[in-house]
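First the structure, in the form of structure tokens, and then the observations on it.
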Amino acid sequence: MRLSREEVQHIALLARLGIDEADLEKFREQLSNILENFEILQRVDTTGVPPTSHPVALTNVLRDDVVAPSFSTTEILANAPQEEDGCFRVRAVLE
């Protein structure tokens, strides 16, 4: 499918692209080639091919969450330079 200059200008307008006259012919050729490739793909026989969302079957590779014992608040705050009301006290960054 060959696009005309007017069609490329219309596409550029819809995409809010400013295309000067020097680039218009280049984009016309490139967009026409892309559409021709899609026409070729349309002719491929895909009967019997199930639709897929991804060509490679993916599985979750993360481990299951397991509840494990944790440190107490006292142990965590033991190494804190400053502590206030059971929380880390840090210097204010924003005024």
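Listed here are the residues, each with its yes/no results for (1) more than 27 Å from the chain's Cα centre (by Cα); (2) part of a loop (DSSP other than H, G, I, E, B).
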residue	(1), (2)
His10	yes, no
Leu13	no, no
Asn37	no, no
Asp45	yes, yes
Gly48	yes, yes
Ala68	yes, yes
Quiz prompt | Extreme residue, surrounded by the most Cβ atoms within 10 Å (Cβ to Cβ), among residues of the stretch 1-44 that are in contact (Cβ under 8 Å) with a residue 24 or more places away in the chain and either touching a Phe, Trp or Tyr at 6+ places or on another chain (Cβ under 7 Å) or not hydrophobic (A, V, I, L, M, F, W, C) (or both) | solution = Arg28
Quiz prompt | Filter result for the condition that a residue is at pLDDT 90 or above, on the phi < 0 side of the Ramachandran plot, exposed (fewer than 10 other Cβ atoms within 10 Å of the Cβ) and not hydrophobic (A, V, I, L, M, F, W, C), over Thr52, Thr59, Thr47 | solution = Thr47
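The values are calculated or read from the model by the stated rules, or taken from the named source; none is laboratory data. Remember, it's a predicted structure, so these values are computed and weren't measured experimentally. Because the Cβ atoms are built from the backbone with ideal geometry, glycine has one as well, and the counts that use them run over all protein chains shown.
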